[in-house]
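Comments concern the structure below.
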Amino acid sequence: MGFVMKVLKSILFIFSLILFFAFNSSINGQKKISEQTQECLDCHSDIHPGIVHQWKESLHSQITPAEAMKKDKLHRKVSSLQIPDSLKNKVVGCYECHGLNPKNHKDTFEHNGYMIHVVVSPKDCAVCHKEEAKQYSGNLMAHAYDNLMGNSVYKQLVKTTNGVPQTKNQSLNFKHPTKLTNAESCLYCHGTKVEVKGFETKETDFGEMEFPVLTGWPNQGVGRVNPDGSLGSCTSCHSRHDFSIKMARNPATCSECHKGPDVPAYKVYSVSKHGNIYNNNKSKWNWESVPWTVGKDFTAPTCASCHASLIVDESGNVIAERTHKFNDRLAWRLIGVPYSQAHPKIPEISKIKNKAGLQLVSELNGEPAKNFLITPAEQDKRNKRMKKVCSSCHSSSWVDNHFKRLENTIKETNKLVKAATSLMIKIWNEKLADDSNLFDEAIEREWTSIWLFYTNSTKFTSAMGGGGDYGVFAEGRFQATQTLMKMYDWYKQHSKMKKLSAEKK
Amino acid sequence: MGFVMKVLKSILFIFSLILFFAFNSSINGQKKISEQTQECLDCHSDIHPGIVHQWKESLHSQITPAEAMKKDKLHRKVSSLQIPDSLKNKVVGCYECHGLNPKNHKDTFEHNGYMIHVVVSPKDCAVCHKEEAKQYSGNLMAHAYDNLMGNSVYKQLVKTTNGVPQTKNQSLNFKHPTKLTNAESCLYCHGTKVEVKGFETKETDFGEMEFPVLTGWPNQGVGRVNPDGSLGSCTSCHSRHDFSIKMARNPATCSECHKGPDVPAYKVYSVSKHGNIYNNNKSKWNWESVPWTVGKDFTAPTCASCHASLIVDESGNVIAERTHKFNDRLAWRLIGVPYSQAHPKIPEISKIKNKAGLQLVSELNGEPAKNFLITPAEQDKRNKRMKKVCSSCHSSSWVDNHFKRLENTIKETNKLVKAATSLMIKIWNEKLADDSNLFDEAIEREWTSIWLFYTNSTKFTSAMGGGGDYGVFAEGRFQATQTLMKMYDWYKQHSKMKKLSAEKK
Amino acid sequence: MGFVMKVLKSILFIFSLILFFAFNSSINGQKKISEQTQECLDCHSDIHPGIVHQWKESLHSQITPAEAMKKDKLHRKVSSLQIPDSLKNKVVGCYECHGLNPKNHKDTFEHNGYMIHVVVSPKDCAVCHKEEAKQYSGNLMAHAYDNLMGNSVYKQLVKTTNGVPQTKNQSLNFKHPTKLTNAESCLYCHGTKVEVKGFETKETDFGEMEFPVLTGWPNQGVGRVNPDGSLGSCTSCHSRHDFSIKMARNPATCSECHKGPDVPAYKVYSVSKHGNIYNNNKSKWNWESVPWTVGKDFTAPTCASCHASLIVDESGNVIAERTHKFNDRLAWRLIGVPYSQAHPKIPEISKIKNKAGLQLVSELNGEPAKNFLITPAEQDKRNKRMKKVCSSCHSSSWVDNHFKRLENTIKETNKLVKAATSLMIKIWNEKLADDSNLFDEAIEREWTSIWLFYTNSTKFTSAMGGGGDYGVFAEGRFQATQTLMKMYDWYKQHSKMKKLSAEKK
């Protein structure tokens, strides 16, 4: 092809772009905003310019469900096959979400003639995004409130972390934590229970108005218990009011809850080879494309590409199906538990009990509570799903060797936790510490740090194929073994002391 | 409007852009550089290409004060109403700053026929930016040198942190820290005292030349004591030599001093919902615009938008006035003190004394040194300023509930600190530790970590509306309560031991 | 120049751009891919779309060695003066690297009629990049495997960090770490020994095929021992398969191994003034340009610009020569050793022995193992190279004062380590701890943390001209002195206890 042709083609391309944007903005010019939403916008554009602007930038403001439903299955973001006619032909504005299912929402209130609710819930989103809402309801995260607050072991941890300390007769006690503190501590990520405590009248720029009084609000935790009884908050990842797929695909978003020493996923990722490629090339990637084409749209995995996204190759072959049940590609439960084992069968972990009667998926000696866990066959299935993603860039030996390391690390960190737990039990048995609360003494916190932080960090580093020091010197193996040494040192010293005191008498 | 019109409009728009840039570069072509600055550039373009290039990219090199003064009040960056004629019509180059007020600067030296000083100070910047310099002089930060080095309590901390340890008769002592160490440790952020120790002749590429000998230099700390007697360093945030407003608005800039465990603001922000939106959308924001329009220019708060910037809505209504006194919108002092209370009335904290004679804004039992603090009415005023910023995106219930949580957290963390401090006092009283220096024994450092790190992190997370684990497992409540448990454990063990030893005798 | 001319010039410029890209893509259209590589691509484009796409974006796929060699010395990236004719005129594709030197590679296997190896090594890259490979072989990093695993002191640390703990008779022991764990722990960064354990037949989409069985694989550590006997992995920094210079210049890349508490370079950088400028302006910099022009291409130093890159000024004068021996501009060895001193003369540190017979470059009392270290004259030479880089933006007083602070900090942190080590030796001598392994008791780990983490962080902050809290409260001086206090506390308590027990008997 000659140069002249090339130049002509380029010019044609530029003109097409101009035409495309002209056409596009023409659609926006005529965009189908419902009367109700327009009425919301008339006031709220002034009162809350920030969120209105975000919405204007969003797809919700630019496309109607009817238009979105026309796309073929691979390209569709709207999974519901039926959407009420009343919603179909208007863009998704304020009223389309805040006005849904008014009777189910205890937070519904009359507002300028409309029945409006404050807390938009997964049940509301499910009107258009049915599949995602359904998948998410089977996700551990949807049950994060009860998995924490309904578990008698973890509740002890919550109490001694969030409660105000008080000292009586030289011993340290903790008051029951206030709801206000729980809401900004553990439940910030796990989700609060949002409850309607009545209604109140407020003076506003537009005169007196009545609003619901909510407790546990604001919150966007993953397992939020909503006033309509549903669980979860889509805005945990798809932040208001642009609700973008881009945001949910960006690892920085996940860091909101997955950066601390208990779940250091983001820290590990950011110093992994994958994270490096992301850091260097992210501005060139296509973060919006659905489906997400490996190689063309992105060249290194993000949290979403391994755990959630619909991934295809350039020919459109599906490498991984979209899922909002994030352990669909995960064989092992690594975090939040002393010992790692297969994932539990059900997402409501607080329903599980080990032989000792504790709501834990393993005994304190590490033996898994087998009946409650997925089978090796199911683990295999999940591993295969994940390996298919890895294989987009890596040979089968590479991938197999990676998983061998992970399984070895699970085994070895479990042994380390067992050594620490055996010592802890000995300390309890010899009455050097009191096991009525597992988390309220210095030595118990050392034990807790080993499994809640250091072996977690080690396992994450292994699972994610490297994460520099997070498996070694940065709250990894070094700190795990050091803390075990500290426990030994403490035990020797305290038992000697006890002996000396006893001999005295 | 038809497509053809659209296309024509688009083409017209592109041509306008071309014209604009052509015009713009034409201005640059004729830009009014003073003779003196031109002489500086003739040599320094070769010697220091990095900083000269930064300056060329800056507004200072592109616009004269006279031009900048023509803008209306909302759009003006130059707040001085009077600027000397000699400076007005030249762009702001090397000589315009380094040649100002030569007599006031002890670091002035003769350089190729000009009287030049090394350290450009807020007094120099005030020639054009009078209001900002004035506001900043009332800022706690401007007094950060003396607030640390003039406070007998904090000086003990400096000594035992920066001093070389020496051991005599089994006890641990610390030499007085060297100035070199202080300058790169505490004073890196607080600011050094820059002093002229004489002049020296150096061999250069242009022959022998004389230069001032400075100690405490280099430094860009916020409370730098300058050779002209002024306090502060505008380059702390507006980094040389582009001095951009963009940089000062970017949270990454604040992280230089606000990321450690004592002031973890940046860490907290980066995992907050606000930080997520920033991370995802920052490349699309308009970081340069003055005033800063919420929604249009940016869609999530940064450090600057809450604490400093002039914020307007799209109609030009002022939501928040610009301030360089960063607690103008803050009711509570959260950091650097054992107990949180209202902000002090004056920024020179070392002038404050509690009843016990310590330079602290509260007693060791938590009672605030009331006469020195702003009134509840003033706190209310400041809260209202901040709430107006929040209300750009959030409803009044949302905002009110947020502040309820913060006040509860201040109350509860103060109680935690009180429990730790009571125990510490008991330890001192029973002579298990020596209170002649509050920071030179292991048990004292545990106590210090509780209030200097862990409750600070907790309060920041609360104040900034969420910051994931920084209020829980990442140097938050978990570590605060754990350290309190460690103190108890230590106390019990050491008092038992003391008793045993005593019985022995 | 009139406006019309300006507009015409702008239009001309845009057309030139279009022509340029048209021409450019035309070259790609005809790009000279070898037959062998084309055969690889035919299958692997489908199997591994991710890496194939990365390669397509790389320079390797777009330019032949012959074309690359035409550039003048300053602009050349290909340092070899002779390249075999068989490689010269084809772009650098799969076969050009994976098919090189088949006989030297123990991992070579027959694959569809070609002899292919898995692990591309520095020796392979040296065909085109001879100088860089040579420089790198003199780099400490190339020897990172043996410098760790061949050093009896550090091997004790590896054992007690990575080994599974076991407890017998109340004492804590560690099994020898498994290779799988070492590979994802210390050796993730240091590099594994990649060994061929045989060959195996696998079922693939293309039928049965034979592949080598590798241990220590995957790995991209800096000192990887390759199946061809060479040391290192260029992909540590130039990540596969785009191998870009941009990536190696980006500090985020270095963070993969240099972020933990032992080598916190990235953390320090990210909160330094340099890091701030990088964070604010990196998207405007020219990351690809060779040579790298200070001021024009970048306005603040990155890891690479100080330690590796070929830096010039706008006139093309060389400020710093390119080097892949990264201590060419470094006078002092700061990290990984209890005491800092001049750099060792040779990169194979495990060949060094101090007077006490330990493989350390200093005695335990801090006295340097002088014969093994570079001379003060050589230190001076290296300092001068670095200072020339600093002088691109800073005056000589600024630079000299910076280095004064660094030397003072080295001296003072060495004193702190000496105080800690003296106490540790006393503890060993009094049999309160057992020195048969230096890292397996709680008190030994406290001592280790002082020099392996806290003084390192302090020295980095000093060396890099500021890094906020990393020299103070964030694993810096505060933690160094606190840990020394803890050691004292421990010692007093344990020696009292020993005395009490002895008196008992």
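Suppose we filter C:Lys77, C:Lys70 for residues that are free of Cβ contacts under 8 Å to residues at least 60 places away in the same chain and either more than 30 Å from C:Gly316 (Cα to Cα) or among the charged types (D, E, K, R) (or both); which single one remains?
C:Lys70
For segment C:277-306, taking the residues that are more than 13 Å from C:Ala248 (Cβ to Cβ), out of contact with any strand residue (DSSP E or B) (no Cβ under 8 Å at 6 or more places or on another chain) and hydroxyl-bearing (Ser, Thr, Tyr), the one that is surrounded by the fewest Cβ atoms within 10 Å (Cβ to Cβ) is identified as C:Ser283. Taking segment C:108-118 as the range and being surrounded by fewer than 21 Cβ atoms within 10 Å (Cβ to Cβ), not aliphatic (A, V, I, L, M) and not in a loop (DSSP other than H, G, I, E, B) as the test, the residues that pass are C:Phe109, C:Glu110, C:His111, C:Tyr114. Looking for whichever is within 22 Å of B:Asn182 (Cβ to Cβ) and under 26 Å from the mean Cα position of the chain (by Cα) here; the options are C:Thr483, C:Thr461. Which one fits? Going through C:Thr483, C:Thr461 in turn, just one is within 22 Å of B:Asn182 (Cβ to Cβ) and under 26 Å from the mean Cα position of the chain (by Cα): C:Thr461.
Here's the yes/no breakdown for (1) touching a Lys or Arg at 6+ places or on another chain (Cβ under 8 Å); (2) under 28 Å from B:Glu195 (Cβ atoms); (3) within 10 Å of chain B (Cβ to nearest Cβ); (4) not hydrophobic (A, V, I, L, M, F, W, C):
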{"residue": "C:Ser350", "(1), (2), (3), (4)": "no, no, no, yes"}
{"residue": "C:Lys370", "(1), (2), (3), (4)": "no, no, no, yes"}
{"residue": "C:Ile374", "(1), (2), (3), (4)": "yes, no, no, no"}
{"residue": "C:Asp380", "(1), (2), (3), (4)": "no, no, no, yes"}
{"residue": "C:Lys387", "(1), (2), (3), (4)": "no, yes, no, yes"}
{"residue": "C:Glu407", "(1), (2), (3), (4)": "no, yes, yes, yes"}
{"residue": "C:Ile410", "(1), (2), (3), (4)": "yes, yes, no, no"}
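Reported count of residues in segment C:369-413, each being farther than 15 Å from C:His343 by Cα, assigned to a loop (DSSP other than H, G, I, E, B) and of a type in the set (S, T, N, Q), is 3. Touching a Cys at 6+ places or on another chain (Cβ under 9 Å), at positive phi and not acidic (Asp, Glu) - does that describe any residue in segment A:226-247? Yes, there is a match, as at least one residue in segment A:226-247 is touching a Cys at 6+ places or on another chain (Cβ under 9 Å), at positive phi and not acidic (Asp, Glu). For segment A:354-391, filtering for residues that are surrounded by 14 or more Cβ atoms within 10 Å (Cβ to Cβ), without any contact (Cβ under 8 Å) to a residue 40 or more places away in the chain and within 21 Å of A:Leu452 (Cα to Cα) leaves 7. Summed over segment C:119-160, the residues that are assigned to a helix (DSSP H, G or I) and either within 19 Å of C:Leu452 (Cβ to Cβ) or within 17 Å of the chain's Cα centre (by Cα) (or both) give a count of 26.
All of B:Lys134, B:Lys179 fail the test of being at pLDDT 95 or above, out of contact with any strand residue (DSSP E or B) (no Cβ under 8 Å at 6 or more places or on another chain) and either under 26 Å from B:His324 (Cβ atoms) or not hydrophobic (A, V, I, L, M, F, W, C) (or both), apart from B:Lys134. When segment A:414-440 is limited to residues that are in contact (Cβ under 8 Å) with a residue 60 or more places away in the chain and not in a helix (DSSP H, G or I), the one that is surrounded by the most Cβ atoms within 10 Å (Cβ to Cβ) turns out to be A:Asp440. Within segment C:271-298, being within 25 Å of B:Cys189 (Cα to Cα), free of Cβ contacts under 8 Å to residues at least 24 places away in the same chain and among the β-branched types (Val, Ile, Thr) holds for one residue alone: C:Ile277.
Of these, A:Asp228, A:Asp242, which one is facing another protein chain (nearest Cβ under 10 Å), in contact (Cβ under 8 Å) with a residue 40 or more places away in the chain, crowded, with 21+ Cβ neighbours inside 10 Å and in contact with an Asp or Glu (Cβ under 9 Å, 6 or more places away or on another chain)?
One residue alone meets the criteria, A:Asp242.
Could you tell me which residue of segment A:186-211 is farthest from A:Gly229 (Cα to Cα), considering only residues that are within 8 Å of chain B (Cβ to nearest Cβ) and in contact with a strand residue (DSSP E or B) (Cβ under 8 Å, 6 or more places away or on another chain)?
Here the answer is A:Lys202.
Among the residues making up segment A:317-335, those that are in a loop (DSSP other than H, G, I, E, B) and crowded, with 17+ Cβ neighbours inside 10 Å are A:Arg322, A:Thr323, A:His324, A:Lys325, A:Phe326, A:Asn327, A:Asp328, A:Arg329, A:Leu330, A:Ala331, A:Leu334, A:Ile335.
To keep it simple, each residue is scored yes or no on (1) within 12 Å of chain B (Cβ to nearest Cβ); (2) surrounded by fewer than 21 Cβ atoms within 10 Å (Cβ to Cβ); (3) within 23 Å of A:Thr253 (Cα to Cα); (4) among the hydrophobic types (A, V, I, L, M, F, W, C).
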{"residue": "A:Asp124", "(1), (2), (3), (4)": "no, no, yes, no"}
{"residue": "A:Lys159", "(1), (2), (3), (4)": "yes, yes, no, no"}
{"residue": "A:Pro165", "(1), (2), (3), (4)": "yes, no, no, no"}
{"residue": "A:Pro177", "(1), (2), (3), (4)": "yes, no, no, no"}
{"residue": "A:Glu184", "(1), (2), (3), (4)": "yes, no, yes, no"}
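Scan segment C:255-266 and give yes if some residue there is away from chain A (no Cβ under 11 Å), crowded, with 22+ Cβ neighbours inside 10 Å, in contact (Cβ under 8 Å) with a residue 24 or more places away in the chain and part of a helix (DSSP H, G or I), otherwise no. The answer is yes, given that some residue of segment C:255-266 is away from chain A (no Cβ under 11 Å), crowded, with 22+ Cβ neighbours inside 10 Å, in contact (Cβ under 8 Å) with a residue 24 or more places away in the chain and part of a helix (DSSP H, G or I). If only residues of segment C:474-505 that are over 30 Å from B:Asp262 (Cβ atoms), in contact with a helix residue (DSSP H, G or I) (Cβ under 8 Å, 6 or more places away or on another chain) and aliphatic (A, V, I, L, M) are counted, the one that is surrounded by the fewest Cβ atoms within 10 Å (Cβ to Cβ) is C:Leu500. Taking the conditions exactly as written (at pLDDT below 95 and either on the phi > 0 side of the Ramachandran plot or not small (Gly, Ala, Ser) (or both)), does C:Leu148 satisfy them or not? So C:Leu148 fails the test.
The values are calculated or read from the model by the stated rules, or taken from the named source; none is laboratory data. Computed from a predicted structure; not experimentally measured. Positions of Cβ are generated from backbone atoms using ideal geometry, with glycine treated the same way; all protein chains shown enter the neighbour counts.
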